[in-house]
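> Got a structure for you, written out below as structure tokens; questions coming shortly.
The values are calculated or read from the model by the stated rules, or taken from the named source; none is laboratory data. This one's a predicted model, so the numbers in the text were calculated from it and none came from an experiment. We place every Cβ from the backbone using ideal geometry, glycine too, and count neighbours over all the protein chains shown. These area figures cover heavy atoms from the full protein model, side chains too; ligands, DNA and RNA do not enter into them. Shrake-Rupley method; radii C 1.70, N 1.55, O 1.52, S 1.80 Å.
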Amino acid sequence: MQVVLRPTADEASSLVARMIAKALRDKPDLVLGLATGTTMERLYGILARMHQKEGLDFSLVRTFNLDEYIGIPADDPHSYHYYMHQHFFRHINIDRRNIFLPDGMAKDLKAEAKSYEEKMARCGGIDVQLLGLGTVGHIGFNEPLSSFYSRTRDKSLTPTTIAQNSRMFEDSSRMPRRALTMGIGTILDSKALILLATGTTKAEILAKAIEGPVTSMISATAIQLHHDCRVIVDEEAASLLQARDYYRWIYENEPEWEEYRHR
Ligand code: F6R
């Protein structure tokens, strides 16, 4: 795992955008795993601008989102389908046929979860999976005690997640109690992971997730097991990390980061 600290949320998001742009230029039909949430809004804004101003081409990319609420239709403004179209897809030249999200309205959720995994496999698996970090330590909606071998499935949300996400609902009683989410095993099968976390509210859980012991109580600790994982954070989120100086040294000295340093 490599951890990169950037001074602000804008700079952290811009670094992730450039990493994704590079992956896309290296492989135009990239299979890109996407996340939703407040943290990602800034990143999608930057990627949309890169498309509009620099011609970053999404025409062949295939995308798979981590999760979707159960019982919220795609055209409902609270759905993750809607979020993705609002914040990202409508601003770029992606082929609508290449957009995949789990269907939270499916009658048979187990069949939907299985078919979602099959679609990923048919595309050759996920090349780069983008991750946010929930304050309970979840990635996707893999709440505490999610098995590290878990695959896409329906999952009950914790009271903390429900309380946190119900902010987005004018009528908080409409906040779903369950979601369809890629599993930890699904996420770990991705060829590369990029986790983006910003702001002081993420400092405590970030320190546990990347420097603490691996435990299914904090599903984000599973990323420590991945062979190609980059964690990009701002100084606020990084404030409780013990090895901050080492991470800074890596970014300043490792050749891998050279092309990103001088911009
Ligand atoms: C949603 C997802 C979640 C969020 C996490 C952080 O697709 O994967 O794990 O990334 O809850 O959300 P924000 O950015 O709103 O703090």
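> Pick out the one residue from Asp57, Asp10 that is modelled with pLDDT of 95 or more, more than 19 Å from the chain's Cα centre (by Cα) and acidic (Asp, Glu).
Asp57
> Separate question: Of all the residues that make up the range 106-120, how many are over 19 Å from the mean Cα position of the chain (by Cα) and surrounded by fewer than 17 Cβ atoms within 10 Å (Cβ to Cβ)?
Residues flagged as over 19 Å from the mean Cα position of the chain (by Cα) and surrounded by fewer than 17 Cβ atoms within 10 Å (Cβ to Cβ) within the range 106-120 amount to 7.
> Taking the options Gly137, Gly125, Gly104, name whichever one is at negative phi and either part of a loop (DSSP other than H, G, I, E, B) or more than 16 Å from the ligand (Cβ to nearest atom) (or both).
Gly104
> Scan the range 166-199 for residues that are out of contact with any Lys or Arg (no Cβ under 6 Å at 6 or more places or on another chain), within 12 Å of the ligand (Cβ to nearest atom) and of a type in the set (Ser, Thr, Tyr) and report the count.
Total satisfying the criteria: 1.
> Looking only at the range 128-178, how many residues end up being open to solvent by 70 Å² or more (accessible area, probe 1.4 Å) and of a type outside the set (Val, Ile, Thr)?
13
> Related question: Just to be sure I understand, how many residues within the range 202-229 are open to solvent by 50 Å² or more (accessible area, probe 1.4 Å) and of a type in the set (D, E, K, R)?
Qualifying residue count, the range 202-229: 3.
> List every residue pair whose Cβ atoms lie under 7 Å apart, where the two residues are 6 or more positions apart in sequence or sit on different chains, the first residue falls within the range 229-247 and is assigned to a helix (DSSP H, G or I), and the second residue, located anywhere, is basic (Lys, Arg).
Matching pairs, first to second residue: Ala237/Lys202; Ala238/Arg244.
> Turning to a different aspect of this structure: Do we find that Glu211 is of a type in the set (Asp, Glu), modelled with pLDDT of 95 or more and within 15 Å of Gly134 (Cβ to Cβ) in this structure?
Criteria not met by Glu211.
> Can you tell me which residues in the range 192-201 are over 14 Å from the mean Cα position of the chain (by Cα) and either open to solvent by less than 10 Å² (accessible area, probe 1.4 Å) or in contact (Cβ under 8 Å) with a residue 60 or more places away in the chain (or both)?
Gly199, Thr201
> So, restricting to helices (runs of 4 or more DSSP H) that lie completely within the range 1-89, which ones have at least 2 residues that are touching a helix residue (DSSP H, G or I) at 6+ places or on another chain (Cβ under 8 Å) and either open to solvent by 40 Å² or more (accessible area, probe 1.4 Å) or within 16 Å of the ligand (Cβ to nearest atom) (or both)?
9-26, 38-54
> Then there is this: Using the structure shown, decide if Thr160 is among the hydroxyl-bearing types (Ser, Thr, Tyr), farther than 30 Å from Lys53 by Cα, in contact with a Lys or Arg (Cβ under 9 Å, 6 or more places away or on another chain) and within 14 Å of the ligand (Cβ to nearest atom).
Against the criterion (among the hydroxyl-bearing types (Ser, Thr, Tyr), farther than 30 Å from Lys53 by Cα, in contact with a Lys or Arg (Cβ under 9 Å, 6 or more places away or on another chain) and within 14 Å of the ligand (Cβ to nearest atom)), Thr160 does not qualify.
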